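Heads up, the thing below is written out as structure tokens.
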Amino acid sequence: MSSLDIGRLAAYAKEQGFLYPSSEIYDGLGGVYDYGPLGVELKRRLIDLWWRAMVHLHEHIVGLDAAILMHPRVWEASGHVEAFHDPLVDNKVSKKRYRVDTLIEEYAQKLEERAQKEVQKQLRKQNLPPEALAEKLTAHRDYQRAQNLRQRLHQALATQDWPALTRLLEEEKIPCPESGSTEWTPVRQFNLMFSTQLGAVAEEAITLYLRPETAQGIFVDFPLVLKTARMKIPFGIAQVGKAFRNEIVARQFIFRMREFEQMEMQFFVRPGTEAEWYAYWREKRLRWHQHLGLHPENLRFKDHETLAHYAKAATDIEFRFPFGFRELEGIHSRTDYDLSRHSQYSGKKLEYYDEELGQSYVPYVIETSVGVDRLVLAHLSQAYTEEPAPTAEGGQEMRTVLKLHPLLAPISVAIFPLVRKEEFIQKARALYEELRFHFLVAYEEKDSIGRRYRRYDAKGTPFAITIDGQTLEDDTVTVRDRDTLAQERIPLAGVLAYLTEKLSVASWLRTL
């Protein structure tokens, strides 16, 4: 997967109907994508399995669907109006605008890669063992410079020292990726929230924001959920919904977009127990990703070096995307910051009366937050495979196959009559009619059987069922496995039971 080019993956996703550039007939809209017929099925399956695992399996977690538009005071209380900014800079020659942290981090990464190539070249030239790489690399000038850049970057971001970032660009002569120029404007802040107006009369309209995260809807509805769902600490509130950020640099396909979807759960706990629950949800969420087929070697924890002012602990579950390890999901110990702030700004008590302790308190919060679009990209990145496969003539050819977990496959099963004759077609159509009430099923009779297999391999379909001459004799069919290419014959009457066992969500949930 490390050699997979993100541009090639985007082209494949468009060709197969997973993702399209938004408004493409008008030359598109940067950082915005539409989900096509296959993409929307993959996305819905991921959301459904998250919801089933997070809400249905947990007695003490309930769901919510809060509105996108909220009272503007919500975003004052949360700190987004004051502090939800990115440090930006413009290059005077190219006129391009960049996020400073992204610009510096990518330059540091290039320095590291250059250092590694030079050291590896030296090792080969001096006939030194690979074990010498680490020692030689840490002593390399470019590697040390990259570490120094990151250290100065983190210090400036932690204190929001924008003049220090401006000096860093100037002193290190960091070039513009497009023009190569090192002439930069001073670094400044840019608020990432989209604003809109509410009101029929312009003079009376108030400014609202499209929510930049879904979590605040959970916090402001906390007392209502607590009362109506009769919840007791510890308990959680889960939500799936759209969020919007006016990203200046939307890049890397659907990894960073301006309109995206989040799956978040806020877990309310007794103060003093937050460390225990933070550890619990770290492992629980990692296991969910692994059980859906993301390989352990492509996942890792990365603790935050700099914590937000409201956090006691924070870590990211990172996935190895084609462009390197990046955040997939965040787990944060948020203390009582959010409920306390909303209590302060609204004048309403957001407390919980603990019968065991005989006292009221503001609960602490453990947050899990995963981007649906990043999750889609992670599964597409890992599943996309180009490999040799046998042909009917005994040779080999390259096939593109999407090795998704069977529960995630947009089309669960494809049904093929071997030849376009009425007796074959009748049995194939009858099987299709039976199965489509249980799974998303495709029926295909065009082209050779080999071409049809390849077509649905590329769509990620885990099972293909062929109605052939033997079916007419003994009512058995051939079931082909997408990944192993193995074929087995089973009774036609047993196909539904066979697929139900293979695609059982309940069986998968029991493994969590």
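Values quoted throughout were computed directly from the atomic coordinates according to the rules given, and no laboratory measurement underlies them. Everything numeric in this text was worked out from a predicted model, so none of it was measured. Using ideal geometry, Cβ is built from the backbone for each residue, glycine included, and neighbour counts are taken over all protein chains shown.
Quick one: what are the phi-derived ³J(HN,Hα) couplings along the range 354-370, Karplus 6.51/-1.76/1.60 with θ = phi - 60°, whole Hz, x for glycine and proline?
For the range 354-370, the Karplus curve yields 8, 5, 5, 8, x, 8, 9, 7, 8, x, 8, 10, 10, 10, 10, 9, 10 Hz.
Search the structure for amide H atoms under 5 Å from the amide H of Tyr384, placed 1.01 Å from N in the peptide plane, and list their residues when 5 or more places away or on another chain.
Amide H neighbours of Tyr384, under 5 Å, 5+ apart: Lys403.
Roughly speaking, what is the stretch gain from Ala506 to Glu118, that is 0.36 nm per residue apart minus the C-alpha to C-alpha distance, in nm to one decimal?
Gain on stretching Ala506 to Glu118: 134.5 nm.
At most 15 other Cβ atoms within 10 Å and a DSSP loop assignment: could you name the GluC sites (Glu not before Pro) in the range 306-363 that fit?
Within the range 306-363, the qualifying GluC sites (Glu not before Pro) (loop, at most 15 other Cβ atoms within 10 Å) are Glu355, Glu356.
Report the trypsin sites (Lys or Arg not before Pro) located in the range 155-201 that are in a DSSP loop and have at most 11 other Cβ atoms inside 10 Å of their Cβ, or state none.
Qualifying residues, ordered by number: Lys173.
May I ask for the angle, rounded to the nearest 10°, between helix 372-383 and the longest principal axis of the chain, with both axes built from Cα atoms and the value confined to 0 to 90°?
For 372-383 against the chain, the angle is about 50 degrees.
Any chance you could give the angle, 0 to 90 degrees and rounded to 10, that helix 141-159 forms with the longest Cα principal axis of the chain?
The helix 141-159 is inclined about 70 degrees to the chain.
Place +1 on the Cβ of every Lys and Arg and -1 on the Cβ of every Asp and Glu in the chain, take the dipole about the Cα centre, and give the residue among Asn127, Ala314, Phe437 whose Cα lies farthest towards its positive end.
Asn127
Please state the charge dipole magnitude for the range 251-291, taken about the Cα centre, from unit charges on C-beta atoms (+1 on K and R, -1 on D and E), reported in debye and rounded to the nearest 20.
Charge dipole of the range 251-291: 180 debye, to the nearest 20.
So what's the net charge close to Tyr364: Lys and Arg +1, Asp and Glu -1, counting the other residues with Cβ under 12 Å from its Cβ?
Every neighbour counted, the sum reads -2.
From the helices alone, meaning DSSP H stretches of at least four residues, give me the mean residue ellipticity at 222 nm for the chain, per-run term -39500 (n - 2.57), in deg cm²/dmol to the nearest 500.
-11500 deg cm²/dmol
Cross-chain or 8 or more residues apart, Cα under 30 Å: how many lysine pairs in the range 87-190 fit that? Count them up, please.
So the count of such lysine pairs works out to 18.
Which of the GluC sites (Glu not before Pro) across the range 372-403 are loop residues per DSSP, with 11 or fewer other Cβ within 10 Å?
Glu393
To the nearest 20 Debye, how big is the dipole of the range 152-230 about its Cα centre, given +1 on the beta carbon of each Lys and Arg and -1 on that of each Asp and Glu?
440 debye
Tell me which of Ala215, Phe323, Gly241 sits at the most positive position along the dipole axis of the chain, charges placed on C-beta atoms (Lys, Arg +1; Asp, Glu -1).
Of Ala215, Phe323, Gly241, it is Phe323.
Which whole-Hz couplings ³J(HN,Hα) result when phi for each residue of the range 213-223 is put into the Karplus expression 6.51 cos²θ - 1.76 cosθ + 1.60, θ = phi - 60°, listed in order with x for Gly and Pro?
Working through the residues one at a time gives 7, 8, 4, 5, x, 5, 5, 6, 8, 3, x Hz.
Where in the range 365-403 is the amide nitrogen less than 15 Å from a point lying 7 Å along the Cα-to-Cβ axis of Lys242?
Inside the label zone: 372-373.
Please arrange Tyr26, Tyr33 by counting, for each residue, the other beta carbons lying within 10 Å of its beta carbon, fewest first.
Ordered by Cβ neighbours within 10 Å, fewest first: Tyr26, Tyr33.
Could you tell me which residue out of Ala389, Val100, Trp277 lies farthest along the dipole of the chain toward its positive end? Charges go on the beta carbon: Lys and Arg +1, Asp and Glu -1, centred on the Cα centre.
Value: Val100.
On a 0 to 90° scale, report how tilted helix 37-51 is relative to the longest principal axis of the chain, with both axes built from alpha carbons and the result rounded to the nearest 10.
Long axis of 37-51 versus the principal axis of the chain: about 70 degrees.
Using the Cα centre of the range 87-190 as the reference point, and only Cβ charges (+1 on K/R, -1 on D/E), how large is the resulting charge dipole? Debye, rounded to the nearest 20.
Dipole size: approximately 240 debye.
Once label points are set 7 Å from the Cα along Cα→Cβ at both His85 and Trp51, what is their separation, rounded to one decimal in nm?
3.9 nm
In sequence order, what are the phi-derived ³J(HN,Hα) couplings for the range 263-270 according to the Karplus relation 6.51 cos²θ - 1.76 cosθ + 1.60 with θ = phi - 60°, rounded to whole Hz, with x for glycine and proline?
Each residue of the range 263-270 in turn: 10, 10, 9, 9, 10, 8, 10, 6 Hz.
Strictly over 18 Å apart at the Cα level, which of Lys242/Lys284; Lys242/Lys459; Lys403/Lys459 would you flag in this model?
Lys242/Lys284; Lys242/Lys459, as the Cα separations exceed 18 Å there.
Full-extension gain between Leu496 and Glu297, please, as 0.36 nm times their residue separation minus the C-alpha to C-alpha distance.
68.1 nm
Hey, can you grab everything whose amide H is under 5 Å from the amide H of Leu328? Only 5+ residues off in sequence or another chain; H modelled, so Pro and N-termini drop out.
Hits under the 5 Å cutoff: Ile317, Glu318, Phe319.
Rule-of-thumb check for the range 411-509: C-alpha Rg over 2.2 N^0.38 Å?
1.01
Considering only the range 404-486, what is the antiparallel percent among its DSSP beta bridges, to the nearest 5?
Rounded to the nearest five, the antiparallel share is 35 percent.
Quick one: net charge of Ala442's neighbours, Cβ under 10 Å, K/R +1, D/E -1?
Net charge around Ala442: +3.
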